[in-house]
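Below is one structure, written out as structure tokens, with a few remarks after it.
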Amino acid sequence: MIETTKAIVVNTIKYGDTSLITTCYTENSGIKTYMLKGVLKAKKSKLKPAYFQPLMQLNLTVNHNNKGNLNSIRDLEVSNFYNSIYTDIKKQTIALFLAEIVYYAIREEEQNSTLYKYLETSFLWLDTHDDISNFHLLFLLNLTKFLGFYPETNAIHNSYFDLLEGKFINYNKYNTVSGDNLVQFKKLLGINFDVLHTVNFSASNRQAVLSILIQYFELHLGGFKKPKSLEILKSVFS
């Protein structure tokens, strides 16, 4: 079926010597994977390899089939141009990391317009702001709203956070967060990106909260893998 949809690139791998396979989160159909035959050698093709960098935002004309075969892209244009994500090393590292997060966390091939809008506006915010050291932390936490396991906050004053249950409790058990790590984790709850600059994390705080969030995703999403770019991210923000 031929259709037009917005899409955000989340994974691209080389296939053979001349082709690419790219996975995108699309506005109309959720996660979709496309075969880009010969794109690495075709000089006049509209499908340039540069269009398939992590988090690139595109308008696609595509052929979505229902027979288990890879889909194909007939035409594309960039829907939102980034000014700094691919030139700023910190933003570039965040983009690589978050593309992996989306790739491993979202597997549904179905429309979710509110999730798509969250991804689209979040990445545009990243591109247009300078104070972005904590961006990936709040992005991960707020993504859990759309994935169904945002922390319950009705007992937020309790001394422990149960990662498996996603709620605050008043006793210690396995997979809980407490002490200073809990204090730092709570700083992100209930805020949006526009006040993110007011959150004061040291490098060690940032690493601790990131580890908590990754563990939280692992506990709630079957098949979720730690991004390969995690160590690079930690190194850049250490």
(request) Would you mind getting me the FRET efficiency between Lys46 and Asn66? Use the beta-carbon distance for r and R0 = 25 Å, nearest 0.05. (result) 0.50
(message) At 1.4 Å probe size, put Ser84, Ser238, Ser159, Ser229 in order of accessible surface, largest to smallest.
(response) Ser238, Ser159, Ser84, Ser229
(message) Under 8 Å for C-alpha pairs, at least 6 residues apart: give me the relative contact order for segment 105-218, rounded to a whole percent.
(response) 24 percent
(message) Given the whole protein assembly as supplied and a 1.4 Å probe, what does the accessible area of Asp17 come to in Å², nearest 10?
(response) 130 Å²
(message) Under a Cβ-only charge scheme (Lys and Arg +1, Asp and Glu -1), can you give me the dipole magnitude of the chain about the Cα centre, in debye to the nearest 20?
(response) 760 debye
(request) Compute the FRET efficiency between Leu164 and Lys225 as 1/(1 + (r/R0)^6), taking r as their Cβ-Cβ distance and R0 = 25 Å, and round to the nearest 0.05. (result) 0.85
(request) For helix 89-105, report the angle its Cα long axis makes with the longest principal axis of the Cα atoms of the chain; keep it between 0 and 90° and round to the nearest 10°. (result) 90 degrees
(message) Show me, bin by bin at 5 Å from 0, the whole-percent P(r) of segment 45-174 based on Cα pairs.
(response) 2, 8, 15, 17, 17, 14, 11, 7, 4, 3, 1, 0, 0
(request) Just grab the label-to-label distance for Glu218 and Ile191, each label 7 Å out from Cα along the Cβ direction, in nm (one decimal). (result) 2.6 nm
(message) Which one, Leu196, Gln207, Ser159, is farthest towards the positive end of the dipole of segment 141-238 when Lys and Arg carry +1 and Asp and Glu -1 on their Cβ?
(response) Gln207
(request) Taking each pair of different alpha-carbon atoms in the chain once, compute 1/r for the pair, average those values, and report the inverse of that mean as the Kirkwood hydrodynamic radius in Å to one decimal. (result) 19.0 Å
(request) With a 1.4 Å probe and all protein chains in place, put Thr5, Thr18 in order of accessible area, largest first. (result) Thr18, Thr5
(request) Order the following by accessible area, largest value first: Arg107, Arg74. Probe radius 1.4 Å; ligands, DNA and RNA are ignored. (result) Arg74, Arg107
(request) Determine how large the accessible area of Thr33 is when every protein chain is in place; take a 1.4 Å probe and give Å² rounded to the nearest 10. (result) 40 Å²
(request) With everything on Cα atoms, drop me the angle between helix 113-128 and the longest principal axis of the chain, reported from 0 to 90° to the nearest 10. (result) 80 degrees
(message) Once you keep just the Cα pairs under 8 angstrom separated by 6 or more residues, what percentage relative contact order results for segment 151-232?
(response) 21 percent
(request) Could you check how many percent of all C-alpha pairs in segment 133-238 are farther apart than 23 Å? (result) 23 percent
(request) Determine the gain in length on full extension of the stretch Ile232-Met1; use 0.36 nm per residue of separation and subtract their C-alpha separation, reporting nm with one decimal. (result) 79.2 nm
(request) Compute, for Glu27, the solvent-accessible surface of its heavy atoms (probe 1.4 Å) with the complete set of protein chains present, and express it in square angstrom to the nearest 10. (result) 60 Å²
(request) Between Arg74 and Ser178, take the C-beta separation as r, use R0 = 45 Å, and let me know the FRET efficiency to the nearest 0.05. (result) 0.25
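The values are calculated or read from the model by the stated rules, or taken from the named source; none is laboratory data. Just so you know, these numbers come straight off a predicted model, no measurement behind them. Please note: Cβ atoms are built from the backbone with ideal geometry, for glycine as well, and neighbour counts cover all protein chains shown. All accessible areas refer to the heavy atoms of the entire protein, side chains included, with ligands and DNA or RNA removed. Shrake-Rupley method; radii C 1.70, N 1.55, O 1.52, S 1.80 Å.
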